[in-house]
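Step one of this worksheet: look at the structure below.
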Amino acid sequence: MPRFLLLTLLVVSYSVSAIVVRHDIDDSKYRVHADELPALADMPGVGHGVLIAPQWVITAAHAITWQSEIKQITVGGIPRAVERIKVHPGYNAPPKLLLEQALSTWDWTLFRLLLASSDDIALVKLAQPINDISPVTVYNRSNEFGQIVKIIGKGATGNGMSGYESSSPHRTELRRAYNKVSSADGRWFCYVFDNPADALPLEGGSGSGDSGGPVLIQAETEWLLAGLTSWSDLQSTNRTPGRYDQVSCNVRMSHYQEWIESVIAVQP
């Protein structure tokens, strides 16, 4: 689930990111088998993460902090016990009052500023290492701008012409889509869900239900973890999520490389 600037956004957490597809391409072309990314983790209920070390899964902070406790997550179709969770100290959940103001006026200015200034990232340590699934390597370069990314998720789906309803299921079939990074700086890199005339053959955008899901960049023959789905901006007064021109912003792994390494290196 990433964060959506809409009512459903914060009913339980800030949700965004499933795969929303082009209206002129059959949905079956976006669907993939679990072996597309065996290291994909499913959080309880909704949300994703990615296995980046045998005993560590990385995710968006807002995808797990809305739950009072997480005892298990699923990786490779198998429930895995959780030992502990480390949320970035710079993560700030938007206050309820600010959300209520934005919903009543549809002025999301301050809400956007708060999202953009928060470190929406967390690490989950598993009780036992996973030895039968290869972790995904974290992308450590800062050259994301202009690159093609692959987005993977199981959340709500729809198409860019009509979007999708906020009441749509937030866990569906596994899909993958592609997009092009339109901006990258500091904590974030973002992409735009373009109309077909300007879109990639299997272009897609984020929907509700897959916060913490992987955004990958290809380096030679390997797809590396460059980002985590976090939040989306509708960029208009149209309150239907998933439509063309939606901007999706993703936690930028290259910005957090030192923090990730410092957390994993600590021995309790």
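Just so it is clear, none of the values below were taken in a lab; they were calculated from the coordinates. These numbers come from a predicted model, not from an experiment. Cβ atoms come from the backbone with ideal geometry, glycine included; neighbour counts cover every protein chain shown.
Data overview
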item: Hydrodynamic radius of the stretch 3-265 per Kirkwood, over alpha carbon pairs, in Å; result: 17.9 Å
item: Candidates Ser254, Ser104, Ser182: whichever shows maximal mean-square fluctuation once the chain is modelled as a Gaussian network with Cα springs under 10 Å; result: Ser104
item: Per-residue Cβ neighbour rank within 10 angstrom, fewest leading, Met253, Met161; result: Met161, Met253
item: Contour excess over end-to-end distance, with Cα ends at Val32 and Asp245 and 0.36 nm allotted per residue; result: 74.2 nm
item: Given charges at beta-carbon only (K, R positive; D, E negative), |dipole| of the stretch 3-265 in Debye; result: 420 debye
item: Pairs of lysine residues in the chain - Cα separation under 19 Å, sequence separation of 8 or more or cross-chain; result: 7
item: Cα-projected label distance for Trp259 with Tyr91, points at 7 Å along beta-carbon direction, nm; result: 1.0 nm
item: The stretch 3-265, relative contact order [Cα under 8 Å, separation at least 6], %; result: 28 percent
item: GNM result for the chain, Cα springs below 10 Å: residue of Glu173, Glu36, Glu69 fluctuating most strongly; result: Glu69
item: Candidates per chymotrypsin sites (Phe, Trp or Tyr not before Pro) in the stretch 53-144, loop by DSSP, up to 13 other Cβ within 10 Å; result: Trp106
item: Relative contact order [Cα under 8 Å, 6+ residues apart], the stretch 85-142, whole percent; result: 47 percent
item: For the chain, calculated [θ]222 nm from helices alone, where every DSSP H run of n ≥ 4 adds -39500 (n - 2.57); result: -3000 deg cm²/dmol
item: DSSP beta bridge pairing in the chain, given as percent antiparallel to the nearest 5; result: 90 percent
item: Ranking of Asp194, Asp35, Asp120, Asp210 by count of other Cβ atoms within 10 Å, fewest first; result: Asp35, Asp194, Asp120, Asp210
